[in-house]
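A short write-up of the structure that comes next.
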Amino acid sequence: MAPSLPTIDREDEAKAVAAPHGGSFDPGVSADHLPALFDYLLRLGDDSLVLGQRLTEWCGHAPALEIDLSLANIGLDLIGQATLFLNLAGEVEGKGRDGDALAFHRDVLAFRNCLLVEQPNGDFAQTIARQFLFSTYSQAYLDALTGSALPAIAEIAAKAVKEVRYHAELSADWVVRLGDGTEESRRRMIDGLDWFWRFVDEMFEDDGVEAPLVAAGIAPKRGDLRSAFDARVGEVLRQATLSLPEYPRAVKGGRVGHHSEHLGHLLATMQFLPRTYPDAMW
Amino acid sequence: MVALDAVASDLILAVLDAVPDPEIPAVTVTDLGIVRGVRSDPPAVLVTPTYTGCPATLAIEASIRAALDQAGFAQVRIETVLSPPWSTDWITERGRERLENYGIAPPPKGIAARHIRGDEPVGCPRCGSFHTQEVSRFGSTPCKALWRCEDCLEPFDRFKCH
């Protein structure tokens, strides 16, 4: 039985949660870098937030209980990670916005997630293909991010990468199971990988926003992580008796707010309640 | 606000030692190893989350708050710290025994960082048999996986290595 919860002082609680670094936040970077750092933290947070929200669409609809639990748990981890990154983004921005404000009261053009994570779930094999590509990227990326010169970022990465290891492994197992499965599951797995492969390049693209952060040792250079990603994907596809998809024309744009039509629909669902009933609590 | 002396710090730890986890009330927050310590000045209890998205995090904080208030430590803050990240190695021996008695197979020690599959044999908390099988790597909460005993045929939760 759960213990009965006391009434708590919301103001005190908010203060305790809002000051995880024990007082006023000093990002430890020059003021010139702050806008880029804010943008960068949105990229990290939005990737997790949007994919987490996508995965919740499976809740109660997955083909088996095991999968329902897995996808819901992965979504929960991702939303937890998004909360940490977006709260930190809010502190860096210094305009009084916290993670919730950034998640629920920001319009689609201000989102900075990569295009991969906003794509619709499709069938189960497509969801697995998307998860496998994202988690494999994310594991390599967060692993490198644990070495960030900014302790507030490094400690979130160290926390998150432990969770992402599970996601990467689970999705890789399913790529093998479906790819090396029946004729039907194999066809669907190939279709899923073929479709999502066009979104991979964007995750490894270095740009002007991150360049000063890379130079300052705050962010890893994305291009440096590509070979490890390719090696891991190749290894799993070999186990799945599949080959790498044909190289399609890569699509990009999410990092600067040029999204596919799907993100707006996702946000409409996700943001409806807090926008319709501002300050609602339960 | 006055700094805490050693007596007060010990008293606070004793208070926390009796605060149950909201999801698994058989263990306390100190059993789980999520209390990172007590800071004397400014007075604060340092708590670390198990999983970033664990829905029990707020409930845990509320329980700790209530226990501190009741014991006369209303001035002591609760602070969340992320680093170093929590691992199942931080679950105490007493916590492991309590989990097992409650029907949850505790995670093995010392390998949390290396193995996420948990290839080592897992004992059924009901009958003790090692003839067991993983049913689902994700379970009813982020920290647990679902297992089944092939001898007594009962399903059981296993605390995941993390």
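Every number here is computed from the coordinates shown, using simple stated rules; none is lab data. Note that this is a predicted model, so its numbers are computed, not measured. With ideal geometry, Cβ positions are generated from the backbone for all residues, glycine too; neighbour counts draw on all protein chains shown.
Taking Cα centre as origin and charging only the Cβ of basic (Lys, Arg, +1) and acidic (Asp, Glu, -1) residues, the dipole magnitude of region A:103-188 rounds to 120 debye. Helical content alone sets the calculated 222 nm signal of chain A at -20000 deg cm²/dmol, taking -39,500 (n - 2.57) per DSSP H segment of four or more residues and averaging over every residue. To the nearest 10 degrees, how steeply does helix A:226-239 sit against the main Cα axis of chain A, on a 0 to 90 scale? So the helix axis and the longest Cα principal axis differ by about 40 degrees. On a 0 to 90 degree scale, rounded to 10, what angle separates helix A:183-196 from the longest Cα axis of chain A? The two axes meet at around 50 degrees. Isolated cysteines in chain B, defined as those with no second cysteine Cβ under 4.7 Å, comprise B:CYS54, B:CYS143, B:CYS161. Over all other residues within a Cβ to Cβ distance under 14 Å of A:PRO274, the charged ones net out to -1, with Lys and Arg as +1 and Asp and Glu as -1. For A:LYS221, a cut-off of 18 angstrom between C-alpha atoms picks up these aspartates and glutamates, skipping any fewer than 8 places away in its own chain: A:ASP39, A:ASP47, A:ASP143, A:ASP201, A:GLU202, A:GLU205, A:ASP206, A:ASP207, A:GLU210, A:ASP230. Taking the C-alpha atoms only, the angle from helix A:151-179 to the longest principal axis of chain A is near 20 degrees. Region A:257-282 and region A:160-207 have Cα centres separated by 27 Å.
Each other residue within a Cβ distance under 13 Å of A:SER70 adds +1 if Lys or Arg and -1 if Asp or Glu, for a net charge of -3. Within the listed set B:ILE24, B:ILE60, B:ILE91, the Gaussian network model of chain B (springs between alpha-carbon atoms below 10 Å) gives the highest mean-square fluctuation for B:ILE24.
If you take the Cα centroid of region B:42-112 and the Cα centroid of region A:95-133, the two points sit 30 Å apart.
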